[in-house]
1. Enumerate the residues in region 23-58 having an amide nitrogen under 17 Å from the point lying 7 Å beyond the Cα of Ile10 toward its Cβ.
2. Size of the dipole of region 7-69 about the Cα centre, Lys and Arg at +1 and Asp and Glu at -1 on the beta carbon, nothing else charged, in debye to 20?
3. Which residue, Ala25, Val57, Gly3, has the largest displacement toward the positive end of the dipole of the chain when charges sit on each Cβ (Lys, Arg +1; Asp, Glu -1)?
4. How many nm is it between the label spots at Thr17 and Asp42, if each spot is 7 Å from the Cα in line with the beta carbon?
5. What angle, in degrees between 0 and 90 and rounded to the nearest 10, separates the Cα long axis of helix 37-47 from the longest principal axis of the Cα atoms of the chain?
6. If I take R0 = 25 Å and measure r between the Cβ atoms of Thr53 and Asp33 in this structure, what FRET efficiency does the formula 1/(1 + (r/R0)^6) give, to the nearest 0.05?
7. Out of (1) 5.2; (2) 9.5; (3) 4.4, which label holds the value of mean projected area of the Cα convex hull in nm² that was computed here?
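What follows draws every value from the coordinates through simple rules; no lab data is involved. Not measured: the values here are computed from a predicted model. Virtual Cβ from ideal backbone geometry, glycine too; neighbours counted across all protein chains shown.
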Amino acid sequence: MTGRTDRGLIVTTGNYTLDAKREAARDGAPEVDLIDGEQLIDKLKELSLGVKTEEIVVEKVTVDPDFFANI
C-alpha cells in the first residue's frame, strides 16, 4: 500500500498465516488491520448484521458397560 492511504483493512472468512500477520505489522509499512473469520462472525453477531443467534443445549449420554455387565 502506497499513495493516498495510511492504513489498510483485509477481511477473510478463514485464517491468516503467521507470515501474513508479520507483514501486516511490519515496521515502516502502512498499518494493515487483519480481520479473520472468527472476528468477522463475532462482529456480525455483535452488530446483528445478517445473522441470528440462538442458544442450543446439547446433552451427551454415554452407556456405562460395567453397570449392564452385572445385571
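1. Correct set: 23-40.
2. In debye, rounded to 20, region 7-69 gives about 340.
3. Final value for the positive-end residue is Gly3.
4. Calculated label separation equals 2.4 nm.
5. So the inclination is approximately 90 degrees.
6. After rounding, the FRET efficiency stands at 0.55.
7. Correct label is (2).
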